[in-house]
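What follows is one structure encoded as structure tokens, with my remarks underneath.
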Amino acid sequence: MPVKVDALDHLVINVADVAVTTEWYRKILGMEVKVFDPGGGKAPRTSLHFGNQKINVRPRDADKVEWFTADRATAGSEDLCFLTSAAPDEVVAHLQAHDVAIEAGPAPKQGARGTLRSVYCRDPDGSLIEISSYGD
């Protein structure tokens, strides 16, 4: 029987500066920053938590063996979509209040469960961040 995945447990983003990036995600997207011990004598790691999800934040120049990284770890190469219960106009107002440039939106987009209303911006590394909601 073939292996079938059921869900995404966590993902990892590569960043130029862990402190700058985690502060941006905390302040702009309301994520909780946690430092954790990966064990095995390895350096502490930093993660972002929201809902039942986790993003590990890895320095782009992390040692490939110690951190077990992708072959081409590059900061700013992500394209991430986050769901919110806030209305698109509220997202726009929040981003504007924090001087975050809006790349596009609100605009209808196709999500995993149907049509989303999405607003786009960029994180400190230039990754494209889509903040979306389902419904009206």
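The values are calculated or read from the model by the stated rules, or taken from the named source; none is laboratory data. Just so it is clear, the structure is predicted and the values come from calculations on it, not from any experiment. So basically every Cβ, Gly included, is an ideal-geometry build from the backbone, and we count neighbours across all protein chains shown.
Structure data summary
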read-out: Qualifying residue in the stretch 108-130 (condition: assigned to a strand (DSSP E or B), in contact with a Cys (Cβ under 6 Å, 6 or more places away or on another chain) and buried (at least 16 other Cβ atoms within 10 Å of the Cβ)); value: yes
read-out: Which listed residue, of 48, 83, is without any contact (Cβ under 8 Å) to a residue 40 or more places away in the chain and of a type in the set (A, V, I, L, M); value: 48
read-out: Residues located in the stretch 46-73, provided they are part of a loop (DSSP other than H, G, I, E, B) and either at pLDDT below 80 or in contact with a helix residue (DSSP H, G or I) (Cβ under 7 Å, 6 or more places away or on another chain) (or both); value: 62, 63, 64, 65, 66, 67, 68, 69, 70, 71, 72, 73
read-out: Residue selected from the stretch 1-44 under the condition touching a helix residue (DSSP H, G or I) at 6+ places or on another chain (Cβ under 9 Å) and in a strand (DSSP E or B), by the criterion surrounded by the most Cβ atoms within 10 Å (Cβ to Cβ); value: 15
read-out: Top-ranked residue in the stretch 29-48 [being among the aliphatic types (A, V, I, L, M) and within 16 Å of residue 13 (Cα to Cα); ranked as farthest from the chain's Cα centre (by Cα)]; value: 35
